[in-house]
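Just below is one structure, and these are the notes that go with it.
The values are calculated or read from the model by the stated rules, or taken from the named source; none is laboratory data. None of these values were measured; they are calculated from a predicted model. Cβ coordinates were reconstructed from backbone atoms using ideal geometry, including for glycine residues, and neighbour counts include every protein chain displayed. Heavy atoms of the whole protein, side chains included, go into the accessibility calculation; ligands, DNA and RNA do not. Shrake-Rupley method; radii C 1.70, N 1.55, O 1.52, S 1.80 Å.
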Amino acid sequence: MKTSLYYWLRFDAKDYKTPEPSPFVKWVGGKRQLLTRITPLLPKSFNTYYEPFLGGGALLLSLLPENAVINDLNKDLIDTYRVIKNEEEYHKMLFLLRIHEEKNTGIYYNEIRALDRKKEYSYLPRYIKAARLIYLNKSCYNGLFRVNSKGYFNTPFSHNKIINTFSLENLERLHRYLNTNNITIMSRDFESAIENAGKGDFIYFDPPYDETFSSYNENGFSEREQLRLFNAFSSLDKKGVFLMLSNSDTPFIRSLYKKFNLTFIESKVMTNKGKAKEILIRNYSN
């Protein structure tokens, strides 16, 4: 039986004409703005969907596949997806998010941000960590997830006194989607996350980009990692897996993937050289 707290949290939930969830966090390299370019290039059909660098999950949530394996090396992020899926933890997280929203100040933000510096942080229930991650993402400067070399979240406060930590309707949609489909949620190295992919499956790779900000985790994503990703891509191609990969349009990336189908995109992201140049790499044609 649902508690009165559950109803208090749900009081403004409505039935919308578009039931699809959208990303609940703003994530570095998120693909929401590029979906109109990516979607026409997707395979016509596929079996299981894999996304080993999930982040905010914009493509996942636009496709809503019935069978999917989603992964990210950021364990706190992945645990947040797990909490949203879990009935009991999900409602505890919502309650904490309301508290964070009401207490939001620079001092309070810094107290919550500093939790991962404490030894006991690793023992905290994951719904507490999930509420923390969403709150910090919504109240930090420019919604930028960034960690230092020790893996500590270090983005400063945005100075916005009033924040909207979450859309209840959107989280309800995501909660339902994760519970009514066959979704495997993992936090592993990308090669381990895709090891069971086979012919007819589809993998979308969205790694930290070459020659760009790569504080995806405390280890970053070096040129050596880009080479390891290319080797995995090439091996999967031989297995008959449908593959798509997003990356920076750099000479290094062009050279690596030159035998594959390349589509060049002018991103909406601005750099000191103008709009960023991106590349979509596929091992199939539409």
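Observations
- Extended-chain gain in nm, criterion 0.36 nm per residue less alpha-carbon gap, E169 and N181: 2.5 nm
- Where only C-alpha atoms are counted, convex hull volume of the range 49-199 per residue in Å³: 120
- Database remark: amide H of V241 closer than 5 angstrom to the amide H of G200 (H placed geometrically; neighbours at sequence offset of 5 or more, or on other chains; Pro and chain starts carry no H).
- Computed from label points 7 Å out along Cα-Cβ, the spacing between N47 and E191 is 2.3 nm.
- Difference of contour (0.36 nm per residue) and Cα-Cα distance, R254 to Q33: 77.3 nm
- Rounded to the nearest 20 debye, the dipole magnitude of the range 25-148 is 360 debye, with +1 charges on Lys and Arg beta carbons, -1 on Asp and Glu beta carbons, and the Cα centre as origin.
- Taking 0.36 nm per residue of sequence separation and removing the Cα-Cα distance, the N160/I99 pair yields an extension gain of 20.4 nm.
- Over all pairs of different C-alpha atoms, the chain has a mean inverse distance whose reciprocal, the Kirkwood radius, equals 20.0 Å.
- Helix axis angle, 75-85 relative to the chain longest principal axis, alpha carbon, degrees: 70
- Protection proxy ranking of 225-237, 200-212 - average other beta-carbon atoms within 10 Å, highest first: 200-212, 225-237
- Cα long-axis angle, helix 126-139 against the chain (0 to 90 degrees, to the nearest 10): 80
- Put simply, the amide H of D249, placed in the peptide plane, has neighbours under 5 Å in K277, E278, I279, leaving out anything fewer than 5 places away on its chain.
- Global form of the range 109-151, assessed from the alpha-carbon gyration tensor, a/c cut-off 1.5: oblate
- Put a plus charge on the Cβ of each Lys and Arg, a minus charge on the Cβ of each Asp and Glu, and nothing anywhere else: the dipole of the range 32-96 about its Cα centre is then about 320 debye.
- The portion of the accessible surface of the range 91-239 made up by carbon and sulfur, rounded to a whole percent, is 49 (1.4 Å probe; DNA, RNA and ligands excluded).
- For the range 194-206, 3J(HN,Hα) per residue [Karplus equation, 6.51 cos²θ - 1.76 cosθ + 1.60, θ = phi - 60°, Hz, x = Gly/Pro]: 10, 5, 9, 5, x, 3, x, 7, 10, 10, 10, 9, 10
- Rounded, prolate or oblate (a/c below 1.5 giving rounded, otherwise prolate when a/b exceeds b/c) for the range 143-253 by Cα gyration tensor: oblate
- DSSP-defined antiparallel bridges as percent of all bridges, the chain, nearest 5: 50
- Size of charge dipole - the chain - debye, nearest 20, with Cβ of Lys, Arg +1 and Asp, Glu -1, no other charges: 360
- J(HN,Hα) series, the range 157-168, from Karplus relation 6.51 cos²θ - 1.76 cosθ + 1.60, nearest Hz, glycine and proline x: 5, 7, 6, 8, 6, 10, 10, 10, 5, 6, 9, 4
- Here, P(r) means the percent of Cα pairs in each 10 Å bin from 0 to the largest distance; for the range 51-136 it is 16, 43, 32, 9, 0.
- Evaluating 6.51 cos²θ - 1.76 cosθ + 1.60 at θ = phi - 60° for every residue in the range 230-241, the Karplus couplings come out as 4, 5, 5, 4, 5, 5, 5, 4, 5, 7, x, 7 Hz, glycine and proline recorded as x.
- Summed side-chain charge close to T155 - residues other than T155 whose Cβ falls under 12 Å, Lys, Arg +1, Asp, Glu -1: +4
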